[in-house]
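The values are calculated or read from the model by the stated rules, or taken from the named source; none is laboratory data. Everything numeric here is computed off the predicted structure, so don't read it as measured data. Note that each Cβ is placed from the backbone with ideal geometry, even for glycine, and that neighbours are counted across all protein chains shown.
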Amino acid sequence: MKSLSSTLNFAFITTLLCVGVALSSCGDFNQNNSHERFNTNLIDIPGTAATGENTDDKTSKKGPVIEMDELEFKFGTIIAGRHVKHTFSFTNVGDSPLVISSITAPCGCTVAKNWPKHPIQPGEKGEILVEFDSSDRVGSQIKTVDVVTNTRPAHLTLKLIGDVIGPDHLPSDLNR
C-alpha cells in the first residue's frame with residue numbers, strides 16, 4: 001500500500017514540476033525583455049484580411065466578390081440512371097483576385113468536376129461544372145455543392161433540383 005501511495009505522490013510532484021516549468025517559460029522572447037506587442041499595421045491583405053472598414057455594406061466591392069449567374073439549376077424530371085451536367089458561371093466583380101479553395105458535395109452522387117484552380121482576377125469569369133448521377137435516386141432531389149472561396153461570406157451553395165422517376169417508366173412519362 002505504501003508503494004502505491006509513494007508512486008502517486010511522485011507522479012503528482014512530477015506533474016506539478018512540469019506545469020511549473022511550462023508556465024515559467026511563458027514569457028516574452030524579445031531580447032530587450034520589453035512587453036511590446038507585435039505591430040500588426042502591415043497585416044492587411046485586401047483579399048483575405050479585415051481592413052477595419054464596414055464590411056456590411058453590400059455596395060462595397062472591397063476584396064474579391066463572386067457573383068454567380070445562378071445558384072440553382074432545375075433539371076426537371078429524368079429517368080433514374082441518367083447523368084445531369086450543368087455549368088454554373090460566375091464573375092469576380094471585386095477588386096482583388098478570387099480564389100476557390102474547395103468545392104465539396106455531401107452526397108457521392110453529386111460531384112464538381114471542373115473549376116478554376118488559379119486565382120480569378122477582377123472582371124474575369126469562371127465556370128464550375130457539376131454532375132449528378134441519378135442511379136438509385138428516385139423521387140424529388142435537391143443536390144447541393146458547397147463552394148469555399150476567399151470572399152465574404154466565404155461559403156456559398158449551388159443546387160441541382162429536380163425529380164427522378166424509376167427506370168421502369170417510359171420516356172412518354174416525362175411529359176406529364
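List of remarks:
- Among residues of region 87-110, those that are crowded, with 17+ Cβ neighbours inside 10 Å and assigned to a strand (DSSP E or B), counted: 8
- Any hit, region 154-162, residues being closer than 29 Å to Leu98 by Cβ, buried (at least 17 other Cβ atoms within 10 Å of the Cβ), modelled with pLDDT of 95 or more and β-branched (Val, Ile, Thr): no
- Those residues of region 117-150 which are part of a loop (DSSP other than H, G, I, E, B) and closer than 28 Å to Gly76 by Cα, in sequence order: Ser134, Ser135, Asp136, Arg137, Val138
- Of all residues in region 59-86, those that are on the phi < 0 side of the Ramachandran plot, touching a residue at least 12 places away in the same chain (Cβ under 8 Å) and either assigned to a strand (DSSP E or B) or not charged (D, E, K, R) (or both) total 18.
- Taken together, Glu131, Glu72 contain a single residue that is out of contact with any Pro (no Cβ under 8 Å at 6 or more places or on another chain), of a type outside the set (Phe, Trp, Tyr) and exposed (fewer than 15 other Cβ atoms within 10 Å of the Cβ), which is Glu72.
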